[in-house]
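Here the structure comes first, spelled out in structure tokens, and everything after it is commentary.
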Amino acid sequence: MAKKVKQQNNVVAVNRRASFEYFIEDRYEAGLSLQGWEVKSLRAGKCNISEAYVNVKGGEVVLFGSVINPLKTSCAFVVSDPTRTRKLLLSRREIDKLAGSVQRQGYTIIPLKLYWKNQWAKLEIGLARGKQEHDKRDSIKDRQWARDKERIMKKNFK
């Protein structure tokens, strides 16, 4: 008899608008510098990164605008700020590459996915270039054609 594999849902939050609004050129995995109450909230899934953005500031990569809502049962005497800026942990080479791309080539750094990797909270960030209106229409058209094609194939092979 085969062993049952325990399926773990490691993804905490996903920025779904990112692939629609931007062309994602490169992806990086960054660690997060968190406080204790934030870790508990992430374990409970109380996070939103859809309005967040990443900036290189003073040689450090910082996450702005992400919301981690505190739990009701968290410590009462700790002041919890849900929208505080959080430092991202990257190597110096990655930070320099991101800073150069943003300054010279006009890219944007956006958060794509927040997930657990073993016991560590990780943030997948993307080096992205903004889409124009006609690019977004092409994306919608391609997605609609893929959906219609699946329906046709399913109908023909039934």
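Go through the range 22-41 and count every residue that is assigned to a helix (DSSP H, G or I) and surrounded by fewer than 17 Cβ atoms within 10 Å (Cβ to Cβ).
Looking only at that region, the number is 2.
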Scanning the range 62-107 for residues that are in contact with a Phe, Trp or Tyr (Cβ under 8 Å, 6 or more places away or on another chain) and of a type in the set (S, T, N, Q), the one farthest from A52 (Cα to Cα) turns out to be S74
Considering residues that are under 11 Å from A30 (Cα atoms) and among the β-branched types (V, I, T), the number found within the range 89-113 is 1
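Every number in this text was worked out from the coordinates using simple rules, so none of it is lab data. Since we're looking at a predicted model, the values are computed, not measured. Heads up, the Cβs are rebuilt from the backbone with ideal geometry, glycines too, and the neighbour counts pull from every protein chain shown.
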